[in-house]
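One structure is given here, and the rest of the page talks about it.
The values are calculated or read from the model by the stated rules, or taken from the named source; none is laboratory data. This one's a predicted model, so the numbers in the text were calculated from it and none came from an experiment. Cβ: placed from backbone, ideal geometry, glycine included. Neighbour counts: every protein chain shown. Accessible surface is based on the protein model in full, side chains and every heavy atom, while ligands, DNA and RNA are left aside. Shrake-Rupley method; radii C 1.70, N 1.55, O 1.52, S 1.80 Å.
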Amino acid sequence: MITLSNITKTYGTLTVLHDISLTVGEGELMAIVGPSGAGKTTLLQIAGSLDRPDSGTVSYDGTDLTSLPDRKLSEFRNRNIGFVFQFHQLLPEFTAVENVAMPAMIAGIGRREAEAEARRLLDMLGLAGRLQHRPSQLSGGEKQRCAIARALINKPRVVLADEPTGSLDSHNRQEIQDTFRRLRDELRQTFVIVTHDPSMEAVADRVVHMADGRIEADTSVRQTDA
């Protein structure tokens, strides 16, 4: 579904990514692991069109994102890619429902329809009792589940997650890992997760190890259903 071909990225005199090529299959849960400075987050940002490579291409089912002008790229990103970050990035003045519904309204969906879908997703993720709570009233795990619901609101082709369990305690880390696994199994949602958390490898279909801006290993962990 996603193909990154010969991706190179340099900041000043520092080459962060060296000729990276990688594919992501539909319905796959991929974990990208490696030490700090390996280039994991930069690769994820390029895969999600938040940054552009110096050379190489990023394509989604044949659509070359590197050739799209900024406006078309923003539209494609909003409709096809969901993001989850280490620190949930929920807007503090809005409720859980409003935070989750916002990307749908940006995409042109009416408020009533967007909030109905937001409530459905929050209920599916065990947050039916937290719909009108603001982020300050939610636990760390609840905030991340809210962020996952927000990432899913536009039914994206892929959800890209950058250290989604990095700021959580062990109980909430397990909760979020179980959430990713359930969404992969029940919805066949595609995930690419950058992580330092070795336990995340246990729920992945593939584990990609990076070091010094290169892929060191790419290992299938489990077989997805055809």
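Under a point-charge model restricted to the Cβ atoms of Lys and Arg (+1) and Asp and Glu (-1), what is the dipole moment magnitude of the chain relative to its Cα centre, in debye to the nearest 20?
I would put it at about 580 debye.
With the radius of gyration and the Kirkwood radius both derived from the Cα set of the range 99-226, what is their ratio Rg to Rh?
Radius of gyration relative to Kirkwood radius: 0.99.
Under a point-charge model restricted to the Cβ atoms of Lys and Arg (+1) and Asp and Glu (-1), what is the dipole moment magnitude of the range 31-139 relative to its Cα centre, in debye to the nearest 20?
Working: 12 positive and 12 negative charges, 43 e Å.
Result for the range 31-139 is approximately 200 debye, rounded to the nearest 20.
Probe radius 1.4 Å, ligands and nucleic acids ignored: give me the carbon and sulfur share of the accessible area of the chain as a rounded percent.
48 percent
What accessible area per residue comes out for the range 1-157, rounded to a whole number of Å², with a 1.4 Å probe?
Computed with neighbouring chains in place, this is 46 Å² per residue.
Looking at the chain as a GNM with Cα springs under 10 Å, which of 133, 196, 88 has the largest mean-square fluctuation?
Residue with maximal mean-square fluctuation among 133, 196, 88: 133.
Which is farthest toward the positive dipole end of the range 1-141 among 89, 45, 35, measuring Cα position about the Cα centre, with Cβ charges +1 (Lys, Arg) and -1 (Asp, Glu)?
89
Given the options 55, 74, 170, which has the most mean-square fluctuation in a GNM of the chain, springs set between C-alpha atoms less than 10 angstrom apart?
Maximum fluctuation in the GNM of the chain, among the listed residues, is at 170.
Excluding residues fewer than 8 places away in the same chain, name every one of the lysines whose C-alpha is closer than 30 Å to that of residue 9.
Counting by Cα, and skipping residues close in sequence, residue 9 has these lysines nearby: 40, 72, 155.
Show that you can apply the helix-only estimate: for the chain, add -39,500 (n - 2.57) for every DSSP H stretch of four or more residues, divide by all residues, and state [θ] at 222 nm to the nearest 500.
-10500 deg cm²/dmol
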